[in-house]
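See below for the structure under consideration.
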Amino acid sequence: MDDDRQVDEEGLSRLVKLFYARVREDAELGPIFNDAISDWPEHLEKLAAFWSSVMLTSGRYKGQPVPA
């Protein structure tokens, strides 16, 4: 990220990875997430794409965050 704290792809990716690394290590949340997610690299890329679409209007995310 730039010094003026603008959000960019690199910063979003770092934030997602750091956040979920901490979630996975948490005594209460870790087992829940680790049991539910089998492919962490793929999942983290999907989350980064989602937040990129939301915050940067990149259009990278193509899924359904809330299925009908």
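Values quoted throughout were computed directly from the atomic coordinates according to the rules given, and no laboratory measurement underlies them. Quick caveat: nothing in here was measured; it's all calculated off a predicted structure. Every residue, glycine as well, gets a Cβ built from its backbone with ideal geometry; the counts of neighbours run over all protein chains shown.
For D39, what is the net charge nearby, where nearby means another residue's Cβ is under 10 Å from its Cβ and Lys, Arg count +1, Asp, Glu -1? Within the 10 Å Cβ shell, the charges total -1. Taking the chain as a Gaussian network of alpha-carbon nodes connected by springs under 10 Å, the highest mean-square fluctuation of the residues S13, S58, S38 belongs to S38. Annotation for A36 and E10: the two label points, set 7 Å from Cα along the Cα-Cβ direction, are 3.2 nm apart. Averaging the sequence gap over all C-alpha pairs within less than 8 Å and six or more residues apart, then dividing by the number of residues, gives the chain a relative contact order of 27 percent. Subtracting the Cα-Cα distance of T57 and A21 from their residue separation scaled by 0.36 nm leaves 10.4 nm.
Computed over the chain with a Gaussian network model linking Cα atoms closer than 10 Å, the most mobile of L18, L29, L47 is L29.
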